[in-house]
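The values are calculated or read from the model by the stated rules, or taken from the named source; none is laboratory data. Since we're looking at a predicted model, the values are computed, not measured. As a convention, Cβ positions derive from the backbone with ideal geometry for all residues, glycine included, and neighbour counts pool all protein chains shown. Surface areas here come from the heavy atoms of the whole protein model, side chains and all, with no ligands, DNA or RNA. Shrake-Rupley method; radii C 1.70, N 1.55, O 1.52, S 1.80 Å.
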Amino acid sequence: MIIDCHGHYTTAPAAHTQWRESQLEAFRAGRQAPPYPAISDDEIRESIEANQLRMLRERGADMTIFSPRASAMGHHEGDERVSVEWSRACNDLIARVVGLFPGTFIGVCQLPQSPGADLKASIAELERCVLELGFVGCNLSPDPSGGRWTSPPLTGQYWYPIYEKMIELGVPAMVHVSASANPVFHATGAHYINADTTAFMQFIQGDLFADFPGLRLVIPHGGGAVPYHWGRYRGLADMLNKPPLSEHVMRNVFFDTCVYHQPGIDLLVNVIDTGNILFGSEMVGAVRGIDPQTGYYFDDTKRYIDAAGLSEADMAKVYAGNARRVYPRLDAALRARGL
């Protein structure tokens with residue numbers, strides 16, 4: 001079985017996106033948001049069958065861990081009430097996708113984080129999505145301010161309530177920012193990679209996993225700059241009198257394979273233990289075109305994994321075993337189906 005750990009609903013029906021625009025316009029005008037539009041099952045099917053489902057089948061994967069569009073989470077827009085409304089709408093739409101395609105998609109939720117707000121609303125939405133909608137994880141933004149970095153580091157006490165709830169529910173988080181409100185940082189080319197790298201360095205500087213040994217966090221986009229500069233981070237851990245990274249961070253942190261060329265994947269699997277790598281593509285995401293050098297889509301990451309020279313045992317870990325271990329509710333759901 002091949003499980004893609006990193007999928008977003010980037011092809012949601014237009015009415016969903018239009019409602020978001022209306023919601024923000026209403027907020028700016030001091031009005032309540034208009035009612036959420038009626039979106040038919042056929043509209044959802046069309047948006048999925050022509051895109052994510054077709055590509056999964058063409059590329060040979062079986063299932064996607066599916067969440068709302070990351071760049072549209074927009075925690076920095078509106079206020080906490082707006083974020084709660086938007087997150088619920090996005091998560092309910094993901095639940096409908098999963099209900100229509102239960103063998104192919106399983107849900108991960110967006111949280112209604114808001115700059116300066118506590119995490120009570122996020123905890124409530126996580127609990128709703130896991131216990132009522134059957135989701136298996138969440139996306140956690142380390143920077144709800146959208147590129148201005150006003151939140152405490154992920155190792156700070158501010159974040160502890162959400163970690164406690166994640167452990168209670170048995171779910172991991174993907175550490176994933178949303179759009180950038182700072183023009184200095186291009187959203188997918190700079191802000192995303194900055195956030196991945198920054199989160200990892202925060203984990204080195206702190207002692208988060210001493211307090212939460214059961215916490216599981218996925219850093220997307222191949223871990224940002226981390227694998228490429230692995231010696232730097234090992235050296236910094238040593239300079240900071242921290243244990244080796246294998247003990248200090250990598251028992252709890254995992255990277256995906258959203259790296260869009262063969263040399264990058266080769267470096268990832270040569271530097272990072274395969275027990276810490278989850279197959280992911282982020283298809284129909286940040287990079288959607290065809291690579292003129294290969295003739296294949298940049299985000300067809302299965303091709304790179306297949307060509308990386310891994311053993312069968314390591315391939316099994318990357319393609320499914322690690323995802324089932326990091327997302328135990330996913331594993332339970334698959335076992336219930338005899339898989």
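Give me a count of the residues in region 167-215 that are in contact with a strand residue (DSSP E or B) (Cβ under 7 Å, 6 or more places away or on another chain) and within 18 Å of PRO68 (Cα to Cα).
Qualifying residue count, region 167-215: 6.
For LEU215, which of the numbered conditions (1) in contact with a helix residue (DSSP H, G or I) (Cβ under 6 Å, 6 or more places away or on another chain); (2) without any contact (Cβ under 8 Å) to a residue 60 or more places away in the chain; (3) open to solvent by 20 Å² or more (accessible area, probe 1.4 Å) fails to hold?
The failed condition is (3).
Out of everything in region 1-39 that is open to solvent by less than 10 Å² (accessible area, probe 1.4 Å) and farther than 13 Å from ARG69 by Cβ, what residue ends up being nearest to the chain's Cα centre (by Cα)?
Ranking the candidates gives CYS5 first.
Being surrounded by 14 or more Cβ atoms within 10 Å (Cβ to Cβ), of a type in the set (S, T, N, Q) and not in a loop (DSSP other than H, G, I, E, B) is the requirement here; does ASN194 meet it?
Taking the combined requirement at face value, the residue satisfies it.
Scan region 245-275 for residues that are closer than 15 Å to ARG303 by Cα, buried (at least 19 other Cβ atoms within 10 Å of the Cβ) and of a type outside the set (D, E, K, R) and report the count.
7
Listed here are the residues, each with its yes/no results for (1) in contact with a helix residue (DSSP H, G or I) (Cβ under 8 Å, 6 or more places away or on another chain); (2) touching a residue at least 12 places away in the same chain (Cβ under 8 Å); (3) aromatic (Phe, Trp, Tyr); (4) closer than 26 Å to ARG325 by Cα.
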{"residue": "LEU119", "(1), (2), (3), (4)": "yes, yes, no, no"}
{"residue": "CYS129", "(1), (2), (3), (4)": "yes, yes, no, yes"}
{"residue": "GLY134", "(1), (2), (3), (4)": "yes, yes, no, yes"}
{"residue": "LEU154", "(1), (2), (3), (4)": "yes, yes, no, yes"}
{"residue": "HIS176", "(1), (2), (3), (4)": "yes, yes, no, yes"}
{"residue": "PHE185", "(1), (2), (3), (4)": "yes, yes, yes, no"}
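Is it true that ILE272 is over 29 Å from LEU215 (Cα atoms) and touching a strand residue (DSSP E or B) at 6+ places or on another chain (Cβ under 7 Å)?
Criteria not met by ILE272.
What number goes with the only condition from (1) open to solvent by 10 Å² or more (accessible area, probe 1.4 Å); (2) modelled with pLDDT of 95 or more that THR188 does not pass?
(2)
In region 126-149, which residues are in a helix (DSSP H, G or I) and under 17 Å from PHE200 (Cα atoms)?
none
Does any residue in region 315-339 that is open to solvent by less than 30 Å² (accessible area, probe 1.4 Å) come within less than 6 Å, Cβ to Cβ, of a residue that is part of a helix (DSSP H, G or I) and not basic (Lys, Arg) six or more places away or on a different chain, and which pairs are these?
Listed pairs, sorted by first residue: VAL318/THR274.
Scan region 282-290 and tell me whether some residue there is open to solvent by less than 20 Å² (accessible area, probe 1.4 Å) and modelled with pLDDT of 95 or more.
No.
Just give me the residues in region 238-261 being touching a residue at least 12 places away in the same chain (Cβ under 8 Å), more than 22 Å from the chain's Cα centre (by Cα) and over 19 Å from LEU217 (Cα atoms), in sequence order.
Within region 238-261, LEU240, LYS242 meet the criteria.
Residues in region 273-296: is at least one over 20 Å from the mean Cα position of the chain (by Cα) and part of a helix (DSSP H, G or I)?
No: region 273-296 contains no residue that is over 20 Å from the mean Cα position of the chain (by Cα) and part of a helix (DSSP H, G or I).
Which residue is nearest to ARG54 (Cα to Cα), if the candidates are limited to region 107-154 and must be open to solvent by less than 10 Å² (accessible area, probe 1.4 Å) and of a type in the set (Val, Ile, Thr)?
Only one residue fits best here, namely VAL108.
Just the residues that are in a helix (DSSP H, G or I) and in contact with a Gly (Cβ under 9 Å, 6 or more places away or on another chain), please, taken from region 150-175.
We begin by selecting, within region 150-175, every residue in a helix (DSSP H, G or I); these are 157-169.
Those that are in a helix (DSSP H, G or I) and in contact with a Gly (Cβ under 9 Å, 6 or more places away or on another chain): MET166, ILE167.
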